[in-house]
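A short worksheet on the structure shown next.
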Amino acid sequence: MEQQFLESGALPDPVLEVNNLKQYFPIKAGLLQHVVGYVKAVDGVSFKIKRGKTMGLVGESGCGKTTIGKTILRLNEKTSGDVFFYGFDIFAISRKQMRTIRPKMQIIFQDPYSSLSPRLPVSEIIGEAVKEHKIVPDNEYDNHIDRIMKACGLEPYHKDRYPHEFSGGQRQRICIARALALNPSFVVCDEPVSALDVSIQAQIINLLKDLQDEFGLTYLFISHDLSVVEHISDDVGVMYLGNLVEHGVKKSIFQNPLHPYTQALLSAAPIPDPTLKMNRIILEGSIPSPANPPSGCKFHTRCRQCMEICKTVAPETKEIEPNHMVSCHLYD
Amino acid sequence: MVIIMPENEDKTPKMDPEATQTGAKPEEMHLDDARRVKVLSPGMLVFKRFIRNKLAVIGFGILLVMFIFSFLGPLFSPYTQTEVFKGVGTMSKDYAGATYNTELRYTAVDGLQFGSAERAQFLLALGKNLESFSYGDNTYYFTNEDEGVYRIMQLETVAEVMLGIFRPLAGDTVAEDLKAAYQTAVDNKQNSFELNGITYRMTKNKKATQISIEHDVALAMLPVYDAYNQSDAQVISSYDFKLASTRAIAKEKDSFSVGNQTYSIKYNEGQATIYTSAGKEFAQVSDIIVNPLDQSLFLPVSFKSAVREAIYNDEPKFSYVDETNETEHYSIVRVNTTYNIKKETSTELIRVFEKPSGKHLLGLDNNGMDVMTRLMYGGRVSLLVGFVVIFFELFIGIIVGGISGYFGGWVDTALMRFVDLVNSIPFYPMVLIFGSVMDTLEVKPMARIFLLMVILGILGWTGVARIVRGQILSLREQDFMIATEATGLRTSRRIMKHLVPNVMPLLIVYASSGLGGVIIAEATLGFLGLGVKYPLASWGSIINVASDAYVMTNFWFMWIPAGMLILLTVLGFNFVGDGLRDAYDPKMKR
């Protein structure tokens, strides 16, 4: 299996296929810690990512974006549904086999401060998994690390330093280098720039784009920042309370948002033009608890175009335009 | 030191505006030149911060001194831990008693009796200042021969005179010459007269005057006679000898004779020595009685003489050369009217509670052992117990806490409830019970130390387990631990390279502070007599001697040095622990 992954040329498209993925977390209570309910962090999500493409995943805090990112890497055990990585069901194999696939699918975390072990030097952080999986022959190891570090904007003399000696932007570069050192083909970028200031954000985003071109990477780019997603993505998915309410090609989504939530989200994005009068859609209330989601369409409690049917029947996902899916009763 | 350019977070040269400005001089280093930055590992940083903390360094110095003192000190000590020091000392033992004789002693004439009833009457009469007394049909008369010497005579009435009429009581008639002599005596107001070599005494009996002849019955005297030779005792205690000798002594004559024997007398400080005509010591007369404390012991007269001489001269000590020609020393202690004579014998004694001296810098303890040496060996035990217990605690605590934190779930719940269970065991009652059980089973001192370590460890690991569990639980949720899973590292590497190094600082801090606590606990147990047992020493058991108020107030060197050592060691461990805590705190920049 590992051998097949290494021969990436022969691998099938799409890179990632997610079918009706559900991830529930049990709520335990009482003396005996019995399960009293579930947090439905991801509640039936399906999408595909093609090789070399970037899928942006947007949504407000707590809608399940990060959980999707972790579950498709099998960092959580799914509740139901399927995740196919190059056609392989990653939940069907043993954990030991999973370990051999892991280098191909990497993750970059949101917080560059907690994602680096404070007691290891940078070379160790980047290189330990390279050695573990024998990504490169031993005699090329140093060159490989140097090359990756250079590609990520780090200098070779940074190798012997410890994470506490770096700034946030540099730390994020180390995180990126750690992920890329394993020659992955798919990287989950879990809000990689949200902890950084804007100037550094641009550097990191451009770095990610450059690396994508250089290494032919496929990204799942999770963010709540629409402008960043617009900049980097080929496809965009909009999440609300564990559901993918709308997804499709970037152009279609941004120019013609169909779902009321997407419309509200896009209207809230600031436009750097003071003369333009914004027509903002203000959403009432806050996101409901994923432990006790509303019936029917989960968005109906805040939807301005709510209909009777929305309160009882959950909408199906339909392809309204080519490569533009939406789940809303408005388009029935 | 770490120099990081604050304005220049991103180290790529082309994005560094200041680099071109400072690069005016060619030799000058680039601002973000790698050579400007000395790289330190987190461990080195901790070390640097630690040695900047003066208190921590002082604590470390104290501990270093303690270790050298305890582990190297015994190598240089000339004594061993259980060496008992003995010395020759004098021990005085009650040997004899002496007192001035206040009780009259009676010597009856051969063949006559002077019983206790008569003696009582005599004492009564003596008390009333009378000259005669009677008992039964007999009438007695007594004279004072010398101070404390009374001659008692029995009167035999020969006639009674009443209104000038003589009535014979013995024989038929009263001789005329007796009448005449009586009349002369009455005229001269005498109460006795002599006629034909016989002394007649006149005593009043109601209105009649009785004329009696007298004969000796007994001597009552305070002076005591001691025979030089036991075979002479018979002669010496005879009435004739005593009468003659007392009369002679009373008049301070140089000689007297009894029967056909002549004796000479020498006087010396309240005692008189009687010699035979051959010049041999015969008897000694004195008013001091000397008796041995042990009745089976025989005291030679020469010893008694020496005692008397010392008492008369008010000397507290005297020497006496005994039969075997050995000089022995005695002391005299006066208690009221008696004198206790104590024999001073030299024996080998344990030098208990000897004051500090050049040879024994901190003196000797209650067993005559060198306190300094015992402190060194005791330090070994105390420090060893501290370290072994802490390592034992860490060992159990890391395993239990690690399993609990890493696996979580019901394993965590079960283990933590077990920790609660162990935590609810009351420490001191438990240790007291263990101590008495070990006493009953008579566990060997060395085995005791190890059992003590095990017990302290078993009761103390819960703290470590909780710390490790908490730390691992929080680390497990950190992104870098998720990253190790995402990069597919082996479990062993995840634990050894990522979890353990991040738990270690906390444990080092805990261990260094906890050591002080363990040493205190050990000392407390030692003080209570439950810890390390005699003859092995520990600091606590050394202080235990001072639980006696007398020792505490009189022998400071028994407990102050040991107390100071415990105090300093615990302080040292606490300083080092605090220093490590501060050094590991990432908020502390330097």
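The values are calculated or read from the model by the stated rules, or taken from the named source; none is laboratory data. As the structure is a prediction and not an experimental result, all values here were calculated from the model. Cβ: placed from backbone, ideal geometry, glycine included. Neighbour counts: every protein chain shown. Protein only, heavy atoms only, side chains kept; ligands, DNA and RNA dropped before computing areas. Shrake-Rupley method; radii C 1.70, N 1.55, O 1.52, S 1.80 Å.
Figures for the structure shown
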| item | result |
| --- | --- |
| Looking only at the stretch A:117-142, and only at residues there that are more than 10 Å from chain B (Cβ to nearest Cβ) and hydroxyl-bearing (S, T, Y), the one that is surrounded by the most Cβ atoms within 10 Å (Cβ to Cβ) | A:S123 |
| Unmet criterion (only one of (1) open to solvent by less than 10 Å² (accessible area, probe 1.4 Å); (2) more than 21 Å from A:E77 (Cβ to Cβ)) for B:S492 | (1) |
| Residue pairs meeting the criteria (Cβ under 8 Å; at least 6 apart or on separate chains; first within 12 Å of B:F282 (Cβ to Cβ), in the stretch B:230-256; second open to solvent by 60 Å² or more (accessible area, probe 1.4 Å) and in a helix (DSSP H, G or I)) | B:F241/B:V235; B:F256/B:R247 |
| Single match in B:L40, B:L45, B:L64, B:L75 (criterion: open to solvent by less than 30 Å² (accessible area, probe 1.4 Å) and either in contact with a strand residue (DSSP E or B) (Cβ under 8 Å, 6 or more places away or on another chain) or part of a helix (DSSP H, G or I) (or both)) | B:L45 |
| Residue within the stretch A:66-74 that is under 22 Å from A:N323 (Cα atoms), away from chain B (no Cβ under 14 Å) and not acidic (D, E) present | yes |
| Qualifying residue in the stretch A:59-81 (condition: in a strand (DSSP E or B), under 14 Å from the mean Cα position of the chain (by Cα), among the β-branched types (V, I, T) and surrounded by 15 or more Cβ atoms within 10 Å (Cβ to Cβ)) | no |
| The stretch B:51-81, residues that are in contact with an Asp or Glu (Cβ under 8 Å, 6 or more places away or on another chain) and under 15 Å from B:V371 (Cα atoms) | B:S77, B:Y79 |
| Tally of residues being out of contact with any strand residue (DSSP E or B) (no Cβ under 7 Å at 6 or more places or on another chain) and either surrounded by 11 or more Cβ atoms within 10 Å (Cβ to Cβ) or of a type in the set (G, A, S) (or both) across the stretch B:195-208 | 3 |
| Leading residue by the ranking (farthest from B:V46 (Cα to Cα)) among those in the stretch B:494-528 that are within 11 Å of another protein chain (Cβ to nearest Cβ) and in contact (Cβ under 8 Å) with a residue 24 or more places away in the chain | B:L499 |
| Residue within the stretch A:192-215 that is in contact with a Cys (Cβ under 9 Å, 6 or more places away or on another chain) and closer than 29 Å to A:N292 by Cβ present | no |
| Check on A:E155, within 7 Å of chain B (Cβ to nearest Cβ) and open to solvent by less than 30 Å² (accessible area, probe 1.4 Å) | no |
| So B:E348, is it acidic (D, E), open to solvent by 70 Å² or more (accessible area, probe 1.4 Å) and either in contact (Cβ under 8 Å) with a residue 60 or more places away in the chain or not assigned by TED's automatic domain parsing to the domain that holds B:L299 (or both) | yes |
| Subset tally (residues that are surrounded by fewer than 10 Cβ atoms within 10 Å (Cβ to Cβ) and under 23 Å from B:M91 (Cβ atoms)) for the stretch B:311-332 | 5 |
| Residue list for the stretch B:217-244, filter: assigned to a helix (DSSP H, G or I) and among the acidic types (D, E) | B:D232, B:D240 |
| Odd one out for B:S541 among (1) away from every other protein chain (no Cβ under 14 Å); (2) surrounded by fewer than 20 Cβ atoms within 10 Å (Cβ to Cβ) | (2) |
| Counted residues, the stretch A:314-332 - those being open to solvent by 70 Å² or more (accessible area, probe 1.4 Å) and closer than 15 Å to A:G44 by Cα | 2 |
| Out of A:I145, A:I204, sole residue that is at pLDDT 90 or above and buried (at least 21 other Cβ atoms within 10 Å of the Cβ) | A:I145 |
| So B:V149, is it in the same structural domain as B:K207 (by TED's automatic domain parsing) and at pLDDT 80 or above | yes |
| Test: residue in the stretch B:484-493 that is among the charged types (D, E, K, R) and away from every other protein chain (no Cβ under 14 Å) | no |
| Matching residues in the stretch A:181-193 - criterion: being modelled with pLDDT of 90 or more and hydrophobic (A, V, I, L, M, F, W, C) | A:A181, A:L182, A:F186, A:V187, A:V188, A:C189 |
| Unique match (being free of Cβ contacts under 8 Å to residues at least 40 places away in the same chain and on the phi > 0 side of the Ramachandran plot) among A:G30, A:G52 | A:G30 |
| Evaluation of A:S114 against (1) at the interface with chain B (Cβ under 7 Å from one of its Cβ atoms); (2) crowded, with 23+ Cβ neighbours inside 10 Å; (3) small (G, A, S) (one fails), failing number | (2) |
| Filtered residues of the stretch B:464-480 (kept if under 26 Å from A:S94 (Cβ atoms), more than 8 Å from chain A (Cβ to nearest Cβ) and not charged (D, E, K, R)) | B:I472, B:L475 |
| Considering residues of the stretch A:194-224 that are away from chain B (no Cβ under 14 Å), without any contact (Cβ under 8 Å) to a residue 40 or more places away in the chain and among the charged types (D, E, K, R) only, the residue farthest from A:H144 (Cα to Cα) | A:K209 |
| Condition check for A:Y162: of a type in the set (S, T, Y) and surrounded by fewer than 19 Cβ atoms within 10 Å (Cβ to Cβ) | no |
| Residue within the stretch B:82-95 that is under 29 Å from B:I289 (Cα atoms) and surrounded by 18 or more Cβ atoms within 10 Å (Cβ to Cβ) present | yes |
| B:I390 being out of contact with any Gly (no Cβ under 9 Å at 6 or more places or on another chain) and surrounded by 14 or more Cβ atoms within 10 Å (Cβ to Cβ) | no |
| Scan of the stretch A:87-107 for residues that are more than 21 Å from A:K48 (Cβ to Cβ), open to solvent by less than 60 Å² (accessible area, probe 1.4 Å) and more than 8 Å from chain B (Cβ to nearest Cβ), ordered by number | A:S94 |
| Number of the exception - B:G358 against (1) under 27 Å from the mean Cα position of the chain (by Cα); (2) closer than 30 Å to B:Q284 by Cβ | (2) |
| Residue check for B:A546: part of a loop (DSSP other than H, G, I, E, B) and crowded, with 20+ Cβ neighbours inside 10 Å | no |
